[in-house]
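Working notes for the structure below.
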């Protein structure tokens, strides 16, 4: 079993307490104290399941701005493009589909970065990450793609697009 | 005065009912679970719109809990399909196919 | 609430309704299990984002209620964060449980590597 670390507990406590404030929506002292006690207990018991690496890796204004730019400007662009393509496919009668599972390489190193890329791929309609394996120190993604036209590096370029570059800027050191 | 909001809320509810067709018909368990997940998301949207229409915040709290618990049943069925069927229920699965 | 904001909010909600319709139609019409999952992603991305943005405009400018706005934003974020985890688990579980499309897939790297 992993050990509970102080930064992980603080991060979990802040998230729990914000959620408490959201649900109660009042700043009376008794509510604040009860929320703090409950959040601290929950954080002490569950922090070791949630946070394994550095807890405050994003405490850097330039990095935070990069991440915000990715989630507000770059990613929604890809999302709208993929959604319109999916709408065209569905309203055109679901013809000319070529479903297949392709294996694409990646070069991200931290766990956060890998999870973020897998979630970004899954959130764009038309591609779903099915499994990640690690070979030769590099992650390989098995992706179900609704129009599997190519394989290997070429498919990786088509699926990941601009997302991997921005994710590396935000999540890698 | 906010007739448009209630119209959209009813539309989302009707879409959730249409998604139920796949939940009843679906040949495999994964199909049913996907349809249930979509119905859950659509009901959350309908609840947001109805809360705005009626001006009562309690519906938003219910929608938050619905969105949080939607993940739990999906993960449960996913895990069951991945592991439980092979070890414990292998004979049942073979019989049904 | 100014008229153009009202119209903008309605247009955003209508966009969300359109993509929700596309997702539900895709679930009904797509040929196999994995393609249905792909279509269902439409509902939980642009469908939810459209409704949440339209609802945010309405909550801020017509109702003027901060708690409503924050709660709508949190619902949208929760669905966007949790949905990929769920579809990842279902897709992996369905493949491991032996569910395959009726017409075999042309490229199937996962099946090839597991043999």
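Below, the figures for the structure above:
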{"item": "Extreme residue, nearest to residue A:145 (Cα to Cα), among residues of the stretch A:93-108 that are within 7 Å of another protein chain (Cβ to nearest Cβ) and out of contact with any helix residue (DSSP H, G or I) (no Cβ under 7 Å at 6 or more places or on another chain)", "result": "A:100"}
{"item": "Helices (runs of 4 or more DSSP H) (entirely within the stretch C:1-74) containing at least 1 residues that are modelled with pLDDT of 90 or more, more than 9 Å from chain A (Cβ to nearest Cβ) and crowded, with 24+ Cβ neighbours inside 10 Å", "result": "C:3-29, C:48-58"}
{"item": "Counted residues, the stretch A:24-65 - those being closer than 27 Å to residue A:112 by Cβ and assigned to a helix (DSSP H, G or I)", "result": "17"}
{"item": "Residue within the stretch A:112-121 that is at pLDDT below 85 and either farther than 30 Å from residue C:107 by Cα or not assigned by TED's automatic domain parsing to the domain that holds residue A:157 (or both) present", "result": "no"}
{"item": "Considering residues of the stretch A:132-162 that are within 15 Å of the chain's Cα centre (by Cα) and within 13 Å of chain C (Cβ to nearest Cβ) only, the residue surrounded by the fewest Cβ atoms within 10 Å (Cβ to Cβ)", "result": "A:132"}
{"item": "Options B:21, B:48, B:6: the member that is surrounded by fewer than 16 Cβ atoms within 10 Å (Cβ to Cβ), assigned to a helix (DSSP H, G or I) and at the interface with another protein chain (Cβ under 7 Å from one of its Cβ atoms)", "result": "B:21"}
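The values are calculated or read from the model by the stated rules, or taken from the named source; none is laboratory data. For clarity, every value in this text was computed on a predicted model and none was experimentally measured. Neighbour counts run over all protein chains shown; Cβ positions are idealised from the backbone, glycine included.
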